[in-house]
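Please read the structure below before turning to the comments.
The values are calculated or read from the model by the stated rules, or taken from the named source; none is laboratory data. Because the structure is a prediction, the values reported are computed rather than measured. Quick reminder, even Gly has a Cβ in these numbers, built from the backbone with ideal geometry, and neighbours come from all protein chains shown. Side chains included, ligands, DNA and RNA excluded: accessible areas come from the protein's heavy atoms. Shrake-Rupley method; radii C 1.70, N 1.55, O 1.52, S 1.80 Å.
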Amino acid sequence: MNGSVTQAGAAGGIPAPPVLAEVVRSGFTEGHHRGSLVVLAADGSVEFALGDVDRPVFPRSSNKPLQAAAVLRAGLPLAGERLALAAASHSGEGFHLELVRRMLAEHGLAESDLQTPPDLPLDPVEAEEYLAAGGHRERVVMNCSGKHAAMLAACAHNDWDRASYLDPAHPLQRLVHELVEEASGEPVAATGTDGCGAPLMAVSLTGLARAYRHFVLAEPGSAERRVADAMRAHPEYVAGTRRPDTWLMREVPGALSKMGAEAVQAVALADGRALAFKVDDGSLRALAPVLGRGLELLGVDAPVQKRIGDAPLLGGGRRVGEIRVTF
């Protein structure tokens, strides 16, 4: 299963990422999704790689377990569903919003303290129902509100300034920075701003896979292991009832999984095998088939692998093609 692939770009000899998936409609290939992917063996060595897996990327919400662990290191006593929600890109289902509001109230916080941008539920089915019921864009509905509620609670717990909790120089964000470097085994290459407004640290895909491996193998009781255990015990709070991360963590014992915007995904299995990839054009429609194939490379043999990997294309309401992997 060892391998490495690159392709020459058309302009200036710059290497182009390999094609991870192709869009096939009615037997005609109408598009391609390029990207990079790495698989780590149980001992942490690189077992399979496509593209440049050492180039820094923004993991986006795949960084959330690391951010949640930093909240624990700050001394906040989170556990169970609350800790899973702290690492979540939640779908905006009723049980998500109820618990975010409860977490805020438990620490004397208000929804107005959240600095998430007002939004609708991430899940399109939930968004339709929310709008039909008269809902509107709110900060608490944004998919990162659980993470922000936990960050604010950590500030309240430590008597840290709440207004500046998203400043990279804030004590909490310095803890996140340290934990990202520690778990990934490499220095943060760049710091940006995520879609929710929180600081975002760039690492390589290899470093991201290494971080997830670190979380599942961490000592019981450590911040990293507590996050991994909470996510795996309550996957519906990490994502939602109609999301691949939930399906995977529910149906593959010991699996830790978290997607991020711009088509980033990281997975680790209980024995330390790990996977990370990014689709360069950010297309989320390519994420599921690439994840399905990545799980196969990890050795996952379960119905959920095929369920996740199936990405049909419709024409006139019926299946006329698919997005299929090329590796």
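Of the residues PHE48, PHE95, only one is of a type in the set (Phe, Trp, Tyr) and either assigned to a loop (DSSP other than H, G, I, E, B) or surrounded by fewer than 16 Cβ atoms within 10 Å (Cβ to Cβ) (or both); which?
Numbers: PHE48 fails: either assigned to a loop (DSSP other than H, G, I, E, B) or surrounded by fewer than 16 Cβ atoms within 10 Å (Cβ to Cβ) (or both).
That would be PHE95, the only listed residue that is of a type in the set (Phe, Trp, Tyr) and either assigned to a loop (DSSP other than H, G, I, E, B) or surrounded by fewer than 16 Cβ atoms within 10 Å (Cβ to Cβ) (or both).
Might you check whether a residue that is free of Cβ contacts under 8 Å to residues at least 60 places away in the same chain and out of contact with any Phe, Trp or Tyr (no Cβ under 8 Å at 6 or more places or on another chain) occurs anywhere in segment 50-73?
There is at least one residue in segment 50-73 that is free of Cβ contacts under 8 Å to residues at least 60 places away in the same chain and out of contact with any Phe, Trp or Tyr (no Cβ under 8 Å at 6 or more places or on another chain).
Looking at segment 123-149, which of its residues are buried (at least 24 other Cβ atoms within 10 Å of the Cβ) and of a type in the set (Ser, Thr, Tyr)?
First, the residues of segment 123-149 that are buried (at least 24 other Cβ atoms within 10 Å of the Cβ): 141-149.
Residue satisfying the conditions is SER145 alone.
I need the full set of residues from segment 216-235 which are free of Cβ contacts under 8 Å to residues at least 60 places away in the same chain and either crowded, with 20+ Cβ neighbours inside 10 Å or in contact with a Phe, Trp or Tyr (Cβ under 8 Å, 6 or more places away or on another chain) (or both), in order please.
VAL216, ARG225, ASP229, ARG232
Could you check segment 150-189 and list, in sequence order, the residues that are aliphatic (A, V, I, L, M), surrounded by 18 or more Cβ atoms within 10 Å (Cβ to Cβ) and closer than 17 Å to PRO199 by Cβ?
ALA150, MET151, LEU152, ALA154, LEU166, LEU172, LEU175, VAL176, LEU179, VAL180, ALA183, VAL188
Show me the strands (runs of 3 or more DSSP E) entirely contained within segment 237-325 in which 1 or more residues are over 26 Å from PRO121 (Cβ atoms) and open to solvent by less than 20 Å² (accessible area, probe 1.4 Å).
By residue number, 264-268, 274-279, 318-325.
Take segment 110-159 and flag every residue that is in a helix (DSSP H, G or I) and acidic (Asp, Glu).
GLU111, ASP113, GLU126, GLU128, GLU129
Can you work out which of the residues in segment 190-215 that are free of Cβ contacts under 8 Å to residues at least 60 places away in the same chain and part of a helix (DSSP H, G or I) is least open to solvent (accessible area, probe 1.4 Å)?
Checking each candidate, the answer is GLY207.
Would you mind telling me which numbered condition in (1) in a loop (DSSP other than H, G, I, E, B); (2) buried (at least 19 other Cβ atoms within 10 Å of the Cβ); (3) not small (Gly, Ala, Ser) VAL39 fails?
Result: VAL39 passes all but (1).
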